[in-house]
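Reviewing the structure listed below.
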């Protein structure tokens, strides 16, 4: 935390200058630029950033402010960018001085809960110590609480977590993530957790167009590209893929692209002969249409 | 007699802010930080009790300060030191060690002289506090 200013409080502060000095503008911009879609999420992140900025200015003007509670919950289906946004959030908190280091420690139940009596507390505390000064990102947080087994050690981890979330608010920001409805049930059975979380951010599913855009950006990042026919085929692929179970938005797109790269490599390898940069970077329609989702027999 | 061991021991006791700043330095060097405590502060006693395991992968001193607080509560009236271990190949040793808590009264050491063959003398040091009481009750007021 920034030490409170000892100098007499200035009469007014230029909010715009404060915004530029904090350097969060570029983080917000890169959030807007790098992530496709997610309009409500971007809006929420912007709101939180603005609140923190205003709070900081209020503090400098000598207006009383409570240290804001920054713990958040990110809910949404798999592959909707929760982890990515958590990283950006850590960066924003760091630039605003609400987080000393701004690193993200991503954990799941296995990292927090032990296997036998007396194992959980040291494990949880160890993770908390590693996350101090940064953001603790707990993926699928509802697995911590298993009501069906009363001997489960998850409750112990939750209690330690709650204590730290309350007492060391300026050392650590906790972000819980998971599916919306299961998180809702988790909060219902752990009211203490719900009351300590100030910001609930809901991640919508991507539309088909957005997924196509994501695919293109991913490929560009790896130095690949679709040709026109492949791009059209991929749009069809997304529609087909969405009907199948275990559809995980951007993650499914990523996996599909990985398989298409495999097929492209095999195609080039079997064709033999000379290759140039163009053929090495291009994914063709055939690579896309070889997916099992295009097979007419596959109706499962 | 004030015991001087490790870094900063000729300075006034470090405040918690200063301790945190030193830990911050250690973490920036990628050293693992560990806490140890003892009530036998003989300079040749290298085996202090460990307070938990050395803490690896920390990024921020808050974690160590939390452990230090717990250690102070559990062991008032003892010496506590912070060791910073450098695992870099070629070093693999403690690079920094400093005392972060000492008992309120430090009676110091007596120099014992033992006459041996001829007129030669052997010197040894004995802590008043250690000789006075068994372990655990040495510095209790």
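The values are calculated or read from the model by the stated rules, or taken from the named source; none is laboratory data. Quick caveat, the model's predicted, so the values are computed rather than measured. Cβ: placed from backbone, ideal geometry, glycine included. Neighbour counts: every protein chain shown.
Screening A:93, A:70, A:112 for residues that are farther than 26 Å from residue A:15 by Cβ, touching a strand residue (DSSP E or B) at 6+ places or on another chain (Cβ under 9 Å) and surrounded by 18 or more Cβ atoms within 10 Å (Cβ to Cβ) leaves exactly one candidate, A:112. If the condition is being over 17 Å from residue B:4 (Cα atoms), touching a strand residue (DSSP E or B) at 6+ places or on another chain (Cβ under 9 Å) and part of a loop (DSSP other than H, G, I, E, B), then the range B:105-134 contributes only B:116.
Of the conditions (1) out of contact with any strand residue (DSSP E or B) (no Cβ under 6 Å at 6 or more places or on another chain); (2) farther than 17 Å from residue B:99 by Cβ; (3) crowded, with 18+ Cβ neighbours inside 10 Å, residue B:29 satisfies every one except a single condition; which number is it? So residue B:29 meets the others, but not (3).
The residues on offer are B:6, B:90, and the sole one that is on the phi > 0 side of the Ramachandran plot and either in contact with a strand residue (DSSP E or B) (Cβ under 7 Å, 6 or more places away or on another chain) or surrounded by 11 or more Cβ atoms within 10 Å (Cβ to Cβ) (or both) is B:6.
Within the range A:101-127, the residues that satisfy the criterion of being within 28 Å of residue A:249 (Cβ to Cβ), in contact with a helix residue (DSSP H, G or I) (Cβ under 6 Å, 6 or more places away or on another chain) and assigned to a helix (DSSP H, G or I) are A:109, A:111, A:112, A:127. Can you find even one residue in the range B:129-139 that is surrounded by 10 or more Cβ atoms within 10 Å (Cβ to Cβ), within 30 Å of residue B:57 (Cβ to Cβ), out of contact with any helix residue (DSSP H, G or I) (no Cβ under 8 Å at 6 or more places or on another chain) and in contact (Cβ under 8 Å) with a residue 12 or more places away in the chain? Checked the range B:129-139: no residue is surrounded by 10 or more Cβ atoms within 10 Å (Cβ to Cβ), within 30 Å of residue B:57 (Cβ to Cβ), out of contact with any helix residue (DSSP H, G or I) (no Cβ under 8 Å at 6 or more places or on another chain) and in contact (Cβ under 8 Å) with a residue 12 or more places away in the chain. Filtered by the rule that a residue be over 17 Å from the mean Cα position of the chain (by Cα), part of a helix (DSSP H, G or I) and surrounded by 14 or more Cβ atoms within 10 Å (Cβ to Cβ), the range A:218-239 gives A:219, A:230, A:231, A:232, A:233, A:234, A:235, A:236, A:237, A:238. For the range B:57-94, filtering for residues that are under 23 Å from residue A:167 (Cα atoms) and either more than 16 Å from the chain's Cα centre (by Cα) or not in a loop (DSSP other than H, G, I, E, B) (or both) leaves 18.
With respect to residue A:108, determine if the residue is under 30 Å from residue A:159 (Cα atoms), more than 14 Å from chain B (Cβ to nearest Cβ) and touching a residue at least 60 places away in the same chain (Cβ under 8 Å).
no
Suppose we keep only residues that are within 14 Å of another protein chain (Cβ to nearest Cβ) and part of a helix (DSSP H, G or I) within the range A:128-148. Which one would you say is surrounded by the fewest Cβ atoms within 10 Å (Cβ to Cβ)? Taking the candidates together, the pick is A:130.
Among the residues making up the range A:85-100, none is touching a helix residue (DSSP H, G or I) at 6+ places or on another chain (Cβ under 8 Å) and free of Cβ contacts under 8 Å to residues at least 40 places away in the same chain.
Can you find a residue in the range A:48-66 that is out of contact with any strand residue (DSSP E or B) (no Cβ under 8 Å at 6 or more places or on another chain), surrounded by 22 or more Cβ atoms within 10 Å (Cβ to Cβ), assigned to a helix (DSSP H, G or I) and outside the structural domain of residue A:166 (by the TED database)? Even if it seems obvious, please write down each step before you answer.
Taking the range A:48-66 as the starting set, the residues that turn out to be out of contact with any strand residue (DSSP E or B) (no Cβ under 8 Å at 6 or more places or on another chain) are A:49-66.
Right, trim to surrounded by 22 or more Cβ atoms within 10 Å (Cβ to Cβ) and you get A:49.
Now narrow it down to the ones that are assigned to a helix (DSSP H, G or I): A:49.
Next cut, outside the structural domain of residue A:166 (by the TED database) only: A:49.
Checking the range A:48-66: at least one residue is out of contact with any strand residue (DSSP E or B) (no Cβ under 8 Å at 6 or more places or on another chain), surrounded by 22 or more Cβ atoms within 10 Å (Cβ to Cβ), assigned to a helix (DSSP H, G or I) and outside the structural domain of residue A:166 (by the TED database).
Looking only at residues in the range A:167-186 that are more than 14 Å from every other protein chain (Cβ to nearest Cβ) and in a helix (DSSP H, G or I), the one that is surrounded by the fewest Cβ atoms within 10 Å (Cβ to Cβ) is A:181.
Considering each residue of the range A:122-162, count those that are within 24 Å of residue A:76 (Cα to Cα) and free of Cβ contacts under 8 Å to residues at least 12 places away in the same chain, and give that number.
To start, the set of residues in the range A:122-162 that are within 24 Å of residue A:76 (Cα to Cα) comprises A:131, A:134-147, A:154-155, A:157-158, A:161-162.
Right, trim to free of Cβ contacts under 8 Å to residues at least 12 places away in the same chain and you get A:146, A:155.
Residues in the range A:122-162 being within 24 Å of residue A:76 (Cα to Cα) and free of Cβ contacts under 8 Å to residues at least 12 places away in the same chain: 2 in total.
Looking across the range B:32-50, the residues that are more than 30 Å from residue B:111 (Cα to Cα) and either buried (at least 19 other Cβ atoms within 10 Å of the Cβ) or out of contact with any strand residue (DSSP E or B) (no Cβ under 9 Å at 6 or more places or on another chain) (or both) come down to B:33, B:34.
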